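The numbers here are math on the coordinates, done by the rules we state, and not lab data. Values in this document were obtained by computation on a predicted structure and should not be read as measured data. So basically every Cβ, Gly included, is an ideal-geometry build from the backbone, and we count neighbours across all protein chains shown.
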Amino acid sequence: MPLPRRGLAVVALVAAAACGKGAQAEPAIPLQSLVPLVVSNQSAFDVSIYVFRGNTSKALGIVPPGADMTLQIPGDFVADGSNIRVRAIGIGTNQQYLSPAQNLRPDEALQLIVTQRLTQSQLILIGKP
């Protein structure tokens with residue numbers, strides 16, 4: 001009778017190990033796949049920064065007035081050299097800026113210069129810092 005118990009224990013152990021593999025968390029985005037967006041906020045108000053690819057958008061952060069800040073664009077937005085757009089929205093104002101479509105690769109970076117009049121802001125392709 002001990003043999004069937006051992007066999008049952010082995011089967012239970014294998015089944016438990018197989019179930020554990022399906023419960024793993026999704027791996028984090030590797031740091032090298034993040035693309036820098038250097039934001040220079042020359043306006044007098046906080047700005048919320050978003051990135052768009054097709055119908056997908058992601059909030060990247062808020063940049064205070066007069067600050068320079070590097071935000072990170074997720075690699076899945078640029079993995080295949082896709083066109084992206086960047087939006088800056090002035091908090092507490094009705095001003096905003098939407099960039100033209102920009103083809104961006106993972107080995108590149110962008111600089112967003114937010115001006116006092118958000119509509120006159122500029123998005124510039126730069127080499128990776």
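Would you pick out the residues in segment 66-78 that are farther than 14 Å from residue 51 by Cα and surrounded by fewer than 15 Cβ atoms within 10 Å (Cβ to Cβ)?
Passing the criteria: 66, 67, 68.
Residue by residue through segment 111-127, note down the ones that are surrounded by 17 or more Cβ atoms within 10 Å (Cβ to Cβ), within 11 Å of residue 40 (Cα to Cα) and not β-branched (Val, Ile, Thr).
111, 112, 121, 123
Does segment 118-129 contain any residue that is part of a loop (DSSP other than H, G, I, E, B) and either more than 13 Å from residue 35 (Cα to Cα) or free of Cβ contacts under 8 Å to residues at least 12 places away in the same chain (or both)?
Checked against the condition, which is being part of a loop (DSSP other than H, G, I, E, B) and either more than 13 Å from residue 35 (Cα to Cα) or free of Cβ contacts under 8 Å to residues at least 12 places away in the same chain (or both), segment 118-129 yields at least one hit.
Could you please find all residues in segment 76-102 being in a strand (DSSP E or B) and either over 20 Å from residue 35 (Cα atoms) or more than 16 Å from the chain's Cα centre (by Cα) (or both)?
89, 90, 96, 97, 98
Condition first: surrounded by 20 or more Cβ atoms within 10 Å (Cβ to Cβ) and out of contact with any Phe, Trp or Tyr (no Cβ under 8 Å at 6 or more places or on another chain). Can you find one or more residues in segment 79-93 that meet it?
no
Filter segment 103-117 down to residues that are under 17 Å from the mean Cα position of the chain (by Cα) and polar (S, T, N, Q) and give me whichever is nearest to residue 36 (Cα to Cα).
If we take residues in segment 103-117 being under 17 Å from the mean Cα position of the chain (by Cα) and polar (S, T, N, Q), then 111 is nearest to residue 36 (Cα to Cα).
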